[in-house]
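The structure appears below as structure tokens.
Taken together, the values in this text are just the output of simple stated rules run on the coordinates, not laboratory data. This one's a predicted model, so the numbers in the text were calculated from it and none came from an experiment. Using ideal geometry, Cβ is built from the backbone for each residue, glycine included, and neighbour counts are taken over all protein chains shown.
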Amino acid sequence: MKKKATIVKIDSEHMDAEVIRRAGRIIKDGGLVAFPTETVYGLGGNALQESSSRKIYAAKGRPSDNPLIVHIYRMEDVERLTDEVPAQARQAMEHFWPGPLTVILQKSAEVPYSTTGGLETVAIRMPSDAVALALIEAAGGFVSAPSANTSGRPSPTLAAHVAEDLQEQIDMILDGGMVGIGLESTIVDFTQTIPTILRPGYITQTMLEAVLGEVKYARLLPEEEARSKPRAPGMKYTHYAPKAPLTIVEGVPEAVVEYINQQIEMRRLQGEQTGVMTTEESLGSYPHAIVKSLGDRTSEASIALHLYEVLRQFDESSVTQIYSEEFSSAGIGKAVRNRLLKAAGHHIMHV
Ligand code: TXA
Ligand code: MG
């Protein structure tokens with residue numbers, strides 16, 4: 001087994017240039033560095049080097065036909081990754097970059113198939129996090145980075161989450177503290193006639209439509225998903241699943257609380273513990289469960305920021321079943337619902 005990755009604290013306002021240089025060098029030389037972005041922590045490798053992608057897949061335990069996002073630090077570098085930027089893609093990039101938007105374009109010859117999972121298209125993103133941008137530049141400008149979690153686990157929102165999953169597998173972890181958003185970037189496919197959202201995120205359909213006109217959502221039926229290349233990301237593979245089964249309970253609030261408490265009691269009689277995901281307002285509603293708050297019910301942003309952290313906390317507890325209340329799907333709430341449904345394997349209880 002390799003020696004453990006060093007965890008280096010980094011302050012985005014007073015960045016240690018030497019640390020960034022060292023981290024960039026590791027990636028240039030074919031190694032792996034985990035780093036903060038505004039969405040979730042990424043696991044960075046050299047996007048133009050075949051062997052780096054293989055290392056990323058191995059470290060994450062991820063199927064190698066699930067493509068990686070190439071991260072850049074300046075707009076003009078898009079031209080090396082694609083031969084043709086459609087007008088709408090250009091508008092979106094100019095409006096939302098740097099930021100939590102990933103665009104799918106036709107790939108140029110320079111992008112290895114190992115990065116795109118064999119696809120003719122490439123996913124590109126320019127993050128806004130200052131540490132991320134500095135690292136990408138120091139690493140030569142093209143960093144492929146999936147979320148820095150073991151495949152199937154919730155994405156990391158803290159450096160400690162990265163260490164939990166990957167410390168033995170990678171070379172360095174840059175610890176920039178907690179991320180700002182907590183869910184992965186919005187992915188938009190610009191190779192379609194109408195731009196198509198493949199993964200919802202902080203940048204919503206409404207925000208995109210204000211700039212681009214009509215924007216669609218990709219819809220894949222479960223049977224199609226199983227057969228297809230991962231056109232709609234994360235759909236083909238299990239994602240974000242906590243160890244204990246998760247059920248989303250929907251209905252009028254009083255009925256939801258009553259149903260969940262009944263389930264808690266039934267489990268207690270069998271000597272088992274139940275976890276509940278709720279918000280500040282309802283922390284006191286489940287006296288006999290392990291209750292975790294995702295934040296303020298009126299703030300979709302706080303729920304987004306804490307979702308993965310709470311799912312990980314349940315993995316450390318002894319609960320054998322988790323229930324989640326439903327949350328508002330306004331704004332980033334739509335992305336929260338998307339991730340929560342995946343974590344629950346689409347298991348919803350209507351009461
Ligand atoms: O916010 C984010 O996007 C984070 C941070 C680290 O930047 N990265 C991230 O990467 O979420 P990852 O690998 O966990 O998710 C990328 C998703 C995958 O589900 C993959 O299927 C999809 O993007 N993807 C990548 N290239 C694609 C392509 N050419 N066509 C369709 N989907 C693609
Ligand atoms: Mg991921």
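Here the spin labels are modelled as points 7 Å beyond Cα on the Cα-Cβ line, and at Met207 and Glu272 they lie 3.9 nm apart.
Sorting 20-27, 140-147 by their mean Cβ neighbour count within 10 Å, with the most densely packed peptide first, gives 140-147, 20-27.
Given the DSSP H assignment, sum -39500 (n - 2.57) over each helix run of at least 4 residues in the chain and divide by its residue total; what's the result at 222 nm in deg cm²/dmol, nearest 500? Intermediate values should be presented prior to the final figure.
On the way: 12 runs with 117 residues, N = 351.
Result for the chain, helices only: -9500 deg cm²/dmol.
Here the ratio of the Cα radius of gyration of the range 305-351 to 2.2 N^0.38 Å is 1.19.
Cross-link partners for Lys3 among the lysines, with Cα-Cα distance under 29 Å and sequence neighbours closer than 8 places in the same chain left out: Lys28, Lys55, Lys60, Lys243. Take 277-284, 157-164 and order them by the average number of nearby Cβ atoms within 10 Å per residue, most first; the result is 157-164, 277-284. The gain in end-to-end length when the Ala87 to Glu316 segment is fully stretched comes to 77.7 nm, 0.36 nm per residue minus the alpha carbon separation. When the alpha carbon gyration tensor of the chain is reduced to an equivalent ellipsoid, its three semi-axes come out at 34, 24, 18 angstrom, largest first. A viscosity of 0.692 mPa s and a temperature of 37 °C, combined with the Kirkwood radius over C-alpha pairs in the Stokes-Einstein formula, give the range 44-83 a diffusion coefficient of 290 µm²/s. When both bridge partners sit in the chain, DSSP labels roughly 35% of those beta bridges antiparallel.
Take the Cα of Glu13, step 7 Å along the line toward its Cβ, and report every residue of the range 169-208 whose backbone nitrogen sits under 15 Å from that point. Correct set: 177-178. Dipole magnitude for the chain: about 960 debye, using +1 per Lys or Arg Cβ and -1 per Asp or Glu Cβ, origin at the Cα centre.
Name the GluC sites (Glu not before Pro) in the range 1-94 that are in a loop by DSSP and that have at most 11 other C-beta atoms within 10 Å, would you? Walk me through the numbers on the way to the answer.
Details: sites: Glu13, Glu18, Glu38, Glu50, Glu76, Glu79, Glu84, Glu94; in loops: Glu13, Glu38, Glu84.
Here the GluC sites (Glu not before Pro) that fit, given the DSSP loop and packing criteria, are Glu13, Glu84.
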